[in-house]
Amino acid sequence: MKILTSNYITCAVKACKSSTLSFPLHFQDAELVQEEVDFNAEFIVGILPRIEWDALIVTAAELGFTNLPAQKPEPTEEAPLGEQVLKDLHKLLLETQVTEGKLVCGNCQHIYNIHQGIANFLLPNHLV
Amino acid sequence: MSRPEDTLPPDLFYNDTESYKYTTSSRIKSIQSSMTQRALQLLALTSPSMVLDIGCGSGLSGEHLSSSGHIWVGMDISASMLAIALDRDTDGDLLLADMGQGVPFRPGTFDAAISISALQWLCNADSSEVSATGRLSRFFDGLYSSLKRGGKAVLQFYPKNDVQRTMITSAAVKAGFGAGLLEDDPETKNKKLYLVLTVGAGRGEVVGGAVAGRDVTDVVKGMEGVDVIDERRKGKNGKGKEIKGSKSWILRKKEQGRNKGRAVKGDSKYTGRKRRPVF
């Protein structure tokens with residue numbers, strides 16, 4: 001599972017929909033792998049406004065990346081983001097993947113297992 | 001051809017052997033890829049986007065998304081299918097999830113969504129605890145919120161009959177989507193139905209630099225060989241909403257009587273005319 005996806009995913013349990021604690025899900029016992037993905041600057045620029053930066057910092061810290069800036073890099077008219085910034089983001093968001101581990105909801109403590117990079121989001125019927 | 005939906009739930013039907021058969025069949029491969037191309041054409045994405053693939057299976061449709069430069073996240077309920085997707089080394093992120101349980105993403109995350117031959121599975125409730133309508137509405141509600149404003153979804157599906165077709169489209173409209181159906185090769189054995197859904201964005205509203213069409217009629221505008229049949233502009237008394245006592249109702253009833261061989265007065269310009277109050 002890519003870090004980018006973990007910034008998108010929330011707890012699937014119905015009761016957690018209204019809770020702010022259900023996002024982001026927290027990684028536990030994560031095994032990481034770096035996999036090369038073609039760099040696409042346009043995609044990163046397009047995706048950046050929709051990234052929840054605070055959540056990304058939390059997730060990254062859980063996985064051992066603490067070198068993120070505290071503020072989201074905002075491109076402006078005069079100063080578009082530099083290639084290096086985009087490449088760093090690309091490396092973190094798309095190339096860093098979690099292959100094994102758990103995702104835990106901060107609200108209901110439900111555990112979603114990740115196995116071979118695939119998270120199991122199937123729920124028993126009473127939680128839907 | 002028998003319908004797999006009628007035999008078993010999807011997670012059980014697509015076991016290792018079925019998944020393998022599905023993925024290696026050259027016929028299914030070619031149909032899937034042509035449908036994915038069509039769906040991509042309908043999505044008309046101008047820049048590399050974040051796409052959700054619902055019912056991604058072994059990643060047959062995802063391949064086309066990757067080759068068009070999009071990043072995708074796929075969800076599927078069949079573990080065997082996902083295992084094959086792993087073997088095939090697909091680029092997308094995979095989730096083992098049931099679309100009938102909702103779409104577990106933060107609101108406004110995806111640029112687009114795509115689904116090839118999966119939606120019809122939602123019309124079956126496989127245990128007494130769930131209902132088909134409940135699953136459909138959870139799915140479309142979740143999909144609606146996870147797409148960004150101005151986002152689009154193209155969902156190809158095989159409805160068993162008109163009931164399923166109406167059930168799926170009305171669930172989509174209820175969730176708030178602007179919906180339209182595109183039918184390829186109608187009236188043939190190979191007909192393909194695409195449900196084209198749009199989120200928000202009024203006509204001509206500029207979203208992310210591109211003019212977002214309001215609904216399917218704008219989407220297919222300019223495409224070759226597409227006839228637009230607009231069911232919305234059929235007048236106030238369209239199908240099913242005929243008012244009792246109206247002119248069309250009277251004419252229909254008289255026709256019915258005639259067909260039954262009853263003595264019915266002929267129609268004239270006064271038939272069904274309102275009686276104004278006498279001055």
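The values are calculated or read from the model by the stated rules, or taken from the named source; none is laboratory data. Just so it is clear, the structure is predicted and the values come from calculations on it, not from any experiment. Note that we place each Cβ from the backbone using ideal geometry, even for glycine, and neighbour counts take in every protein chain shown. Ligands, DNA and RNA are stripped out before the accessible areas are found, and what is left, the full protein with its side chains, is counted by its heavy atoms. Shrake-Rupley method; radii C 1.70, N 1.55, O 1.52, S 1.80 Å.
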Checklist outcome for this item: Selection from the stretch A:2-23 of residues at the interface with another protein chain (Cβ under 10 Å from one of its Cβ atoms) and modelled with pLDDT under 90 yields A:ALA12, A:VAL13, A:LYS14, A:CYS16, A:LYS17, A:SER22, A:PHE23
Checklist entry - If you scan the stretch B:84-105, which residues turn out to be open to solvent by 30 Å² or more (accessible area, probe 1.4 Å), at the interface with chain A (Cβ under 10 Å from one of its Cβ atoms) and outside any loop (DSSP other than H, G, I, E, B)? => result B:LEU86
Next on the checklist: Looking for something within 27 Å of B:GLN101 (Cα to Cα) and within 14 Å of another protein chain (Cβ to nearest Cβ) - is there at least one such residue anywhere in the stretch A:59-78?
Outcome noted: yes
Checklist entry - Out of the residues in the stretch A:73-103 that are at pLDDT 90 or above and of a type in the set (Ser, Thr, Tyr), which is farthest from A:ILE44 (Cα to Cα)? => result A:THR99
Next on the checklist: When the residues of the stretch B:120-137 are narrowed to those that are more than 13 Å from every other protein chain (Cβ to nearest Cβ) and in contact with a Pro (Cβ under 8 Å, 6 or more places away or on another chain), which ends up nearest to B:LYS191 (Cα to Cα)?
Outcome noted: B:GLN120
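Which residues, taken from the stretch A:72-128, are acidic (Asp, Glu), open to solvent by 70 Å² or more (accessible area, probe 1.4 Å) and outside any loop (DSSP other than H, G, I, E, B)?
The answer is A:GLU83, A:ASP88.
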Checklist entry - For B:TYR22, which of the numbered conditions (1) surrounded by 14 or more Cβ atoms within 10 Å (Cβ to Cβ); (2) within 20 Å of the chain's Cα centre (by Cα); (3) outside any loop (DSSP other than H, G, I, E, B) fails to hold? => result (2)
Checklist entry - Restricting attention to the stretch A:55-65, does a residue exist that is open to solvent by 60 Å² or more (accessible area, probe 1.4 Å), part of a helix (DSSP H, G or I) and touching a strand residue (DSSP E or B) at 6+ places or on another chain (Cβ under 6 Å)? => result yes
Checklist entry - So which residues in the stretch B:106-153 are outside any strand (DSSP E or B), touching a Phe, Trp or Tyr at 6+ places or on another chain (Cβ under 7 Å) and among the basic types (Lys, Arg)? => result B:ARG106
